[in-house]
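Visitor: The structure that follows is given in the form of structure tokens.
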Amino acid sequence: MIRRLSRKFEAKPSEEDDASIPSFLSSPLGPKIATIIEAHSSKIHNDSFLKIIRQLDFWYQQNTLKEEEFVALTERLCKIAVWREELVGDEDNKFTIPKVRFGKTEVMIPIVTCGGMRVQETWIPDTIPLIKPNKSKVIQSSSQANLRDVILNCLKCGLNHFETARFYGSSEVQFVTALAGLVEDGTVKREEFIFQTKLFPNEKREDFLKQWEASWSNVHKLGYVDLFSFHCVSEDATIDNLLDESPEGQGLYQFALNLQKEGKIKHIGFSTHGSAETILRMINSEKFSYVNIHKHYFGDYHAAGTPDTKGGEGNELAVKRALELDMGVFQISPFDKGGKLFRPSTTVAVAIGPELSPIAFAALHAWKTQKMHTVSVGFARASDLDEVVDAARMFADTTGKTDALLKAAESKLQEIAVDKLGKDWYEKGLLNVPSFYTEASDGMALGHMLWLHNCLTAYGMYEFAKDRYGMLEGASAKWKKNKSFEENKKKCFNPGNPGRSFDATVDLSEALKDHYNPELAKQKLAEVHEWLNKDAKITDEERAAKGWSRAYNLTTWGEFPGEVVSISNVLLGRMGLRTIGGPTKAAADESEQMREVVRRRSSAAES
């Protein structure tokens, strides 16, 4: 009979046995596991090595796997981690990320995109007076060396789509510099990669023109922009201005058409963080070749709980309509805004299972279930490719195993949600809720907050929900009762993060009058504020008791600009008073310590 792993197994006594050693390596199975890891160790980079150890320790602590399953998991994680070394050599037989037709653009796009929001030096854009970053300094920074390493590893596995934005601080100039340099030294030809940048559709044409000129001062080095996007198109007033074709109008779309005629840009699309109905309006204009959109298994970010014009909610209808119109569909941030899956909750990790990581699950759901063309990964380091290369391999699988794993995970997650939320709420809880752009909501992101309640209640996504709710609180802090709704909306809403947090002083009876259970909705809104507001303190023990624990952490060191776009991160990082990110000595030391433990345990197995 095959034994299940047990933390009750008596560990072999050793001078190494202490709290710093993962329990699975101290178990009787430890030498066998260590031998497997050691056999691959020389091909595994430090960050990837730490991720293997953390995941194995999590699954061992769960005490749910049979020994043969734990061994198989170890072998799978090691195989995933050595992809970089396996791509060296035979050009004809190496695996590369598949490419698909990106809708009417006819661009053959890789199913994984290199997103440029987490790898740059600073959030400060290169047009801010006085404190703007020195371009020459930025492109000689350690973040630039790291970014170049990310790009080279992306190209190595066939990932040749690089996406950035003016809003992403120094990202645009850093990507252009790196890519132009690789063209100059012959590493890649210009036509062999796809470059995308995004500009916010300013209210005034002259402001947009200045923004374009600042962007073109960078991207002209590449000759042209493959995919040009209007960024954060999230509300009707912005759409009105963008699409205005009257003689006296601002004509931003017409401006983009002119750039296209000049050969400076090739295809025009848009990105959005808006409500479902505004996104559909943009799609149904039939003026755009592609869309960058949030549509994730665990919810649709700011579109969650907003009406889709057909009696539903969220972005499912928008994605289907875009595909009907032969638009390219680009999924924004599946592993961060789609559930912070690089630090998944225990509930999510266990439900999806050891044969399919939460990251691979999210990507496969986008490609296979939603039929989206590409998923954007906000790379901070080359090892962030590990899980998505694995997902791409699974996507290319023709045996049917991947489809079976995906369907099983989707079914299990749905079963959990129905059980935790109740069938009625699961089916109707986010329907008939007004968006943050309607006066009835008084600017509150009601659907967004009810969605976060679902994420917590069903899936234990505390860290994710806390982060997302904190972004809404910023708008509430600026909301003034003596101002009109329109004045507040204009002043307080960020187009990339519209809506505000819960306000107990507002009567929501009118806003929720069409909801199937208004009182339950009000209760959940109050609860989510109680759980997630900035002053709420919940200990690790309380989180564990509620089922809100984190499974493991795949972030081995923080990204250079910091996870949060805050004034303190921007200014202190820019002035050198805070080191925001980059490889750390602590991470290197931890990796070396774990390698040494594995070596010694492996030797014990061989003796």
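Visitor: Quick one: accessible area per residue over the chain, 1.4 Å probe, rounded to a whole number of Å²?
Guide: That works out to 42 Å² for each residue.
Visitor: Provide, as a two-decimal number, the C-alpha radius of gyration of segment 218-273 over 2.2 N^0.38 Å, N being how many residues it has.
Guide: In units of the globular-protein estimate, segment 218-273 measures up at 1.21.
Visitor: Let me ask you something else. Any idea of CYS154's accessible area? Nearest 10 Å², probe 1.4 Å.
Guide: Per-residue accessible area (CYS154): approximately 0 Å².
Visitor: Among the listed pairs LYS135/LYS295; LYS266/LYS489; LYS51/LYS407; LYS310/LYS522; LYS478/LYS513; LYS99/LYS264, which have their C-alpha atoms separated by more than 32 angstrom in this model?
Guide: From the list (LYS135/LYS295; LYS266/LYS489; LYS51/LYS407; LYS310/LYS522; LYS478/LYS513; LYS99/LYS264), the Cα-Cα distance tops 32 Å for LYS135/LYS295; LYS266/LYS489.
Visitor: Note down the nm distance, to one decimal, between modelled labels 7 Å out along Cα→Cβ at LYS32 and at ALA214.
Guide: Between LYS32 and ALA214, the label points sit 6.0 nm apart.
Visitor: Largest first, what is the accessible-area ranking of PHE502, PHE49 with a 1.4 Å probe?
Guide: Heavy-atom accessible area, descending, gives PHE502, PHE49.
Visitor: If you don't mind, another one. Considering the convex hull of the alpha carbon atoms of the chain, report its projected area averaged over all viewing directions, in nm², one decimal.
Guide: If you wrap the Cα atoms of the chain in a convex hull and average its projections, you get 29.3 nm².
Visitor: Go through TYR297, TYR469 and list them by solvent-accessible area, largest first, probe radius 1.4 Å.
Guide: So, going from the largest accessible area down, we get TYR297, TYR469.
Visitor: Rounded, prolate or oblate for segment 439-544? Axes are the square roots of the Cα gyration tensor eigenvalues, ordered a ≥ b ≥ c, and the cut-off for rounded is a/c under 1.5.
Guide: oblate
Visitor: Then there's this: How do LYS320, LYS368 rank by accessible surface area computed with a 1.4 Å probe, from largest to smallest?
Guide: LYS320, LYS368
Visitor: So what is the relative contact order for the chain, in percent, with contacts set as C-alpha pairs under 8 Å and at least six apart?
Guide: Reported as a whole number, the value is 17 percent.
Visitor: Now for a different question. Within the set of other residues whose C-beta is less than 15 Å from the C-beta of THR369, count the net charge using Lys and Arg as +1 and Asp and Glu as -1.
Guide: That sum, taken over residues with Cβ under 15 Å, equals +2.
Visitor: Still on this model: Size of the dipole of the chain about the Cα centre, Lys and Arg at +1 and Asp and Glu at -1 on the beta carbon, nothing else charged, in debye to 20?
Guide: In total the dipole reaches around 360 debye.
Visitor: ASP326 to ASP240: FRET efficiency via 1/(1 + (r/R0)^6), r the Cβ-Cβ distance, R0 30 Å, to the nearest 0.05?
Guide: 0.75
Visitor: Same structure again: With runs of 4+ DSSP H residues as the only contributors, calculate the mean residue ellipticity of the chain at 222 nm using -39,500 (n - 2.57) per run, divided by the residue total and rounded to the nearest 500.
Guide: -14000 deg cm²/dmol
Visitor: What's the carbon and sulfur percent of segment 301-460's accessible surface, probe 1.4 angstrom, rounded to a whole number?
Guide: 49 percent
Visitor: What FRET efficiency would be calculated for the residue pair SER142, LYS310, taking the C-beta separation as r and a Förster radius of 56 Å, to the nearest 0.05?
Guide: Efficiency computed from Cβ-Cβ geometry: 0.70.
The values are calculated or read from the model by the stated rules, or taken from the named source; none is laboratory data. What you are looking at is a predicted structure, and each value in this text was computed from that prediction instead of being measured. Quick reminder, even Gly has a Cβ in these numbers, built from the backbone with ideal geometry, and neighbours come from all protein chains shown. Side chains are part of the model used for accessible areas, which takes the heavy atoms of the whole protein and leaves out ligands, DNA and RNA. Shrake-Rupley method; radii C 1.70, N 1.55, O 1.52, S 1.80 Å.
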